[in-house]
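K.L.:
Sending over a structure as structure tokens; questions will come in a sec.
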Amino acid sequence: MSGLAGLIVKRLGLGLLTLLIISIIIFIAMEALPGDTAQQILGQAATEENLAALREELGLNQPLPVRYLAWLTDALRGDFGISVANQREVAEQLGPRFGNTLFLAAFAAIIAVPLAITLGVLAALFRNSIYDRVSNALALVSISSPEFFLGYILVLFFAVQNQFFPPIASVTPGMDFWARVEMTFLPALTMSLVVMAYMMRMTRAAIINLLASPYIEMARLKGVPQRRVITRHALPNALAPIINVVALNLAYLITGVVLVEVVFVYPGVGQLLVDSVSKQDGPVVQACCLIFAATFILFNLIADVGSIVTNPRLRHPK
Amino acid sequence: MGTFSIVYFALLIAATAAAAYFKNRTALLLLFTLLIVSFLSGLLGGTNVLVGFTIAAGLLAAAAGVSYSFKEALIAILPPEGAKLMRTAPLTAAFGLLVILTYIVAAIFAPVIAPFGEAEVIGGAFAPPDDQMLLGGDQLGRDLFSRLIYGARNTVGVAIVTTALAFLIGTVAGLVAATMGGWVDQLLGRIVDILLAIPQLIFALLLLTIFGAGIIELTVVIAVLYSPLVFRLTRAVAGNIVVMDYIEAARLRGESTWYLVSREVLPNITAPLAAEFGLRFCFVFLAISALSFLGLGIQPPTADWGSMVRETASLISFGLVTPLIPAAAIALLTVAVNFVVDWMLYISSGLKE
């Protein structure tokens, strides 16, 4: 078992290293913005003395590596500095929004994961049937459509023509759970449609790959009934690729949230990021990018570790 | 229950029965599923849903018919070799080719086809459709139909240039990594790992904050962000070629690296790269539309599908489909390219076996 723990620790270390490098990239990118933070806060009319004083206060006079370390330690403690646009704490704005984004992503995952896996397994079992072809074509259409297209179609049919759900998801902090679920249903559905298509196609490919392996052929040849071949021989081994598929798509889900949040005016991190980019609000963009990158790396890591844990061959590398 | 529903269900049941009588299993399953789905959704949504189904089925049939005639026409026109290839093409590939061709024509002849200029103000803001403005006006009173046509030129043009740039960066780096090997390969591989560890849309937003939004910035940023995947593919397929005996022979002959890459390696990897170009184009196109939709891509007054969706989005709450039209134009092209890429991949894998 120490080999497995060692492998996982190694992957974790690699993930942390990637995150560190990305944080450096994000920090340097923001340094490249025209005008420094002091200038942006005080505006064009500021005097030299005021600027110098504020630079001293914010620690902008220190060399780059020192500032990077200070920023990183602050960020690790959950302090992302002060927004340039409205002088509020970034963490204070980000906190509730991050909760909202996680809620939306989790909701979409709850709809998408079971459906996509079932449909994918069915498509693989009945491959080349009419069901397989139709579901494949629909998945292709869903992958090819931009998120805002699917989103607005759903709004048109389920919010405007039939008033089943509200067209914009303006959740407020003190809202009760079921009202929140009703409000976020359309954005969650939009996201799950896109992710489901990917997940379904990947599950289908993984299962078809599995069904082509020699031991399945062997089981069939020795006369094991079809149902037993699937439940006893194929599905337990399908777990590894399916875990991988789910984790990779959840990583995609986290970043796909940006467009959907804008379509449905949902108060999440994605919306904040887009607003801050157009305002050139450095600290907020930094914080949002760091959060998205960290989540993305985390899910990729889970996919990695998941496939190692469920695959004995990877657990004992030669 | 109106006359329409009665006729609808009668026809559907008759077709299902016919399929059962002629023992056509595929058609029977399809029709039966359609019957159940229409029954359930008819109960929930009323006759409107059934009308929607009928229109969708009609559109599908029309698309199939048009693609079939297009395919036959191509077979008749093309020289024998091309005709042979087209004869084996599935209907979806013919449909994809037809759509791509239509977009190309619209893009090239935009000033001739479009009744007005892309930035010309014609009527009132959000004017309803009439004889003059086929799809109505946008928020400034510009003709939406003309802007849609010009969008084919701007949006697709920018996407093609961006994909080409991404390919230039990706293939050159990939070929260099594959032929030189050693530390160059390692270094490029690690850079690509880092680039792929950040979600592309987020990275694009970060970079556009620094460089500002503009067509040139957009093109370069997206091209750089989408080149790593091209790099990986090129390196993988070129890596298989580089170890071949004839490359070794060419090396021993004393040929230069440039000769090796351009005369020995590149011709052998064009097929996978061509399919990859189509696939990558889809992703780049979607990314550019997404950024334009967010207001950070192609800037006004240039007509562009992504920003057209954003500008007219408020109309959706009045039940109008206006914002969906440019979005559908994006989706249609992506589907078409995907169909053609699927076919190309099928051909190249079929030839290998």
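K.L.:
Could you say which residue among B:SER307, B:SER262 is closer than 21 Å to B:LEU165 by Cβ, of a type in the set (S, T, N, Q) and assigned by TED's automatic domain parsing to the domain that holds B:VAL161?
P.N.:
B:SER262
K.L.:
Considering only region B:212-219, I want to know if a residue exists there that is open to solvent by 60 Å² or more (accessible area, probe 1.4 Å) and more than 24 Å from the chain's Cα centre (by Cα).
P.N.:
Looking through region B:212-219, none of the residues is open to solvent by 60 Å² or more (accessible area, probe 1.4 Å) and more than 24 Å from the chain's Cα centre (by Cα).
K.L.:
Here's a follow-up. Of the conditions (1) surrounded by fewer than 18 Cβ atoms within 10 Å (Cβ to Cβ); (2) modelled with pLDDT of 85 or more, A:VAL309 clears all except one; give me its number.
P.N.:
If we test A:VAL309 against (1) surrounded by fewer than 18 Cβ atoms within 10 Å (Cβ to Cβ); (2) modelled with pLDDT of 85 or more, just (2) comes out false.
K.L.:
Just one of (1) surrounded by fewer than 20 Cβ atoms within 10 Å (Cβ to Cβ); (2) within 11 Å of another protein chain (Cβ to nearest Cβ) trips up A:GLU261, so point out which.
P.N.:
For A:GLU261, the failing item is (1).
K.L.:
Quick check on my filter: what residues within region B:276-314 are open to solvent by less than 10 Å² (accessible area, probe 1.4 Å) and acidic (Asp, Glu)?
P.N.:
Residue satisfying the conditions is B:ASP304 alone.
K.L.:
Quick check: is even one residue across region B:166-185 assigned by TED's automatic domain parsing to the domain that holds B:VAL243, modelled with pLDDT under 90, assigned to a loop (DSSP other than H, G, I, E, B) and under 24 Å from A:PHE292 (Cα atoms)?
P.N.:
No, region B:166-185 has no match at all.
K.L.:
Would you be able to tell me the number of residues in region A:118-129 that are part of a helix (DSSP H, G or I) and open to solvent by less than 40 Å² (accessible area, probe 1.4 Å)?
P.N.:
4
K.L.:
Name the residues in region A:264-315 that are among the aromatic types (Phe, Trp, Tyr) and away from every other protein chain (no Cβ under 13 Å), would you?
P.N.:
Of everything in region A:264-315, just one residue is among the aromatic types (Phe, Trp, Tyr) and away from every other protein chain (no Cβ under 13 Å), namely A:TYR266.
K.L.:
Which condition number does A:ILE254 fail, the rest of (1) modelled with pLDDT of 85 or more; (2) within 14 Å of another protein chain (Cβ to nearest Cβ); (3) open to solvent by less than 60 Å² (accessible area, probe 1.4 Å) being met?
P.N.:
Condition not satisfied by A:ILE254: (1).
K.L.:
Looking only at region B:300-339, filter to residues that are at the interface with another protein chain (Cβ under 8 Å from one of its Cβ atoms) and among the hydroxyl-bearing types (Ser, Thr, Tyr); which one of those is nearest to B:ALA64 (Cα to Cα)?
P.N.:
Per the stated criteria, the residue is B:THR334.
K.L.:
Quick one: A:LEU290 ticks every box in (1) open to solvent by less than 10 Å² (accessible area, probe 1.4 Å); (2) hydrophobic (A, V, I, L, M, F, W, C); (3) modelled with pLDDT of 85 or more bar one, so which box is it?
P.N.:
Of the numbered conditions (1) open to solvent by less than 10 Å² (accessible area, probe 1.4 Å); (2) hydrophobic (A, V, I, L, M, F, W, C); (3) modelled with pLDDT of 85 or more, the odd one out for A:LEU290 is (1).
K.L.:
May I pose another question? Can you run down the residue pairs with Cβ atoms below 8 Å, 6 or more apart or on separate chains, where the first is in region B:36-64 and open to solvent by less than 60 Å² (accessible area, probe 1.4 Å) and the partner is β-branched (Val, Ile, Thr)?
P.N.:
As it stands, the answer is B:SER38/B:VAL49; B:SER41/B:VAL49; B:GLY42/B:VAL49, since those pairs meet every condition given.
K.L.:
If B:LEU196 satisfies all but one of (1) crowded, with 20+ Cβ neighbours inside 10 Å; (2) free of Cβ contacts under 8 Å to residues at least 40 places away in the same chain; (3) not acidic (Asp, Glu), what's the number of the condition it fails?
P.N.:
Only one criterion is unmet by B:LEU196, namely (1).
K.L.:
Same structure again: So, restricting to helices (runs of 4 or more DSSP H) that lie completely within region A:141-227, which ones have at least 3 residues that are open to solvent by less than 10 Å² (accessible area, probe 1.4 Å) and within 23 Å of A:LEU119 (Cα to Cα)?
P.N.:
Output list reads A:177-211.
K.L.:
Restricting region B:315-327 to residues that are over 19 Å from B:SER289 (Cβ atoms) and not aromatic (Phe, Trp, Tyr), which is least open to solvent (accessible area, probe 1.4 Å)?
P.N.:
Selected residue: B:GLY319.
K.L.:
If you don't mind, there's one more thing I want to ask. Show me the helices (runs of 4 or more DSSP H) found entirely inside region A:1-108 where at least 1 residues are at pLDDT below 80 and over 24 Å from B:ILE194 (Cβ atoms).
P.N.:
A:2-31, A:37-42, A:48-58
K.L.:
I've got another one for you. Which number in (1) over 25 Å from the mean Cα position of the chain (by Cα); (2) outside the structural domain of B:VAL158 (by TED's automatic domain parsing) marks the one condition that B:PRO128 misses?
P.N.:
Against the list (1) over 25 Å from the mean Cα position of the chain (by Cα); (2) outside the structural domain of B:VAL158 (by TED's automatic domain parsing), B:PRO128 comes up short only on (2).
K.L.:
Restricting to region B:257-274, name every residue that is open to solvent by less than 60 Å² (accessible area, probe 1.4 Å) and over 24 Å from the mean Cα position of the chain (by Cα).
P.N.:
If the condition is that a residue be open to solvent by less than 60 Å² (accessible area, probe 1.4 Å) and over 24 Å from the mean Cα position of the chain (by Cα), then B:LEU260, B:VAL261, B:SER262, B:GLU264, B:VAL265 are the ones that fit.
K.L.:
Across region B:199-233, what is the number of residues that are within 14 Å of another protein chain (Cβ to nearest Cβ) and without any contact (Cβ under 8 Å) to a residue 12 or more places away in the chain?
P.N.:
Summing the residues that are within 14 Å of another protein chain (Cβ to nearest Cβ) and without any contact (Cβ under 8 Å) to a residue 12 or more places away in the chain in region B:199-233 gives 8.
K.L.:
Taking the stated definitions as given, is A:ALA197 at pLDDT 85 or above and closer than 30 Å to A:GLY256 by Cβ?
P.N.:
yes
K.L.:
While we're here: Of these, B:THR26, B:THR33, B:THR16, which one is more than 12 Å from every other protein chain (Cβ to nearest Cβ) and within 23 Å of A:ASN128 (Cβ to Cβ)?
P.N.:
B:THR16
The values are calculated or read from the model by the stated rules, or taken from the named source; none is laboratory data. Given the structure is predicted, the values throughout are model-derived calculations rather than measurements. Every residue, glycine as well, gets a Cβ built from its backbone with ideal geometry; the counts of neighbours run over all protein chains shown. These area figures cover heavy atoms from the full protein model, side chains too; ligands, DNA and RNA do not enter into them. Shrake-Rupley method; radii C 1.70, N 1.55, O 1.52, S 1.80 Å.
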